[in-house]
Amino acid sequence: QVQLVESGGGAVQAGGSLRLSCAASGITFKTLTIGWHRQAPGKQRELVAEINTGGSTNYADSVKGRFTISRDNAKNTVYLQMDSLKPEDTAVYYCTAVSERTWLDYWGQGTQVTVSS
């Protein structure tokens, strides 16, 4: 069974940092484009960052220069380093992936990030 398990969420003050991790199992990790979506109350779900099998990255304009996505294929894990956090970053963050073999997509359970002013 495919699982994406997030960790690293929590509460921080504005200007602080968090690092989210997502460990994948039950699937060949190197075939995944993998990253993060987030959803805040009253707002649409949005793509935050993603990294494909070749290491190419995409970021939402709102997080460029502050967030960094990376992957460790040996550990089947993707990371999201979040620096200079703002209250507007408060949301549930979901690890998401798409297989380049099957084009099926997968979602983690979500982890709460809360940034206070």
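The values are calculated or read from the model by the stated rules, or taken from the named source; none is laboratory data. Everything numeric in this text was worked out from a predicted model, so none of it was measured. Note that we place each Cβ from the backbone using ideal geometry, even for glycine, and neighbour counts take in every protein chain shown. Just the protein is used for accessible areas: all its heavy atoms, side chains included, with ligands, DNA and RNA removed. Shrake-Rupley method; radii C 1.70, N 1.55, O 1.52, S 1.80 Å.
Miscellaneous remarks
- Filtered by the rule that a residue be within 26 Å of Ser84 (Cβ to Cβ), open to solvent by 30 Å² or more (accessible area, probe 1.4 Å) and hydrophobic (A, V, I, L, M, F, W, C), the range 13-30 gives Ala14, Ala23.
- One residue stands out among those in the range 53-83 that are part of a loop (DSSP other than H, G, I, E, B) and either among the β-branched types (Val, Ile, Thr) or surrounded by fewer than 14 Cβ atoms within 10 Å (Cβ to Cβ) (or both): the one that is farthest from the chain's Cα centre (by Cα), which is Gly54.
Listed here are the residues, each with its yes/no results for (1) under 10 Å from the mean Cα position of the chain (by Cα); (2) polar (S, T, N, Q); (3) open to solvent by 30 Å² or more (accessible area, probe 1.4 Å).
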residue	(1), (2), (3)
Leu32	no, no, no
Gly42	no, no, yes
Arg45	no, no, yes
Ala49	yes, no, no
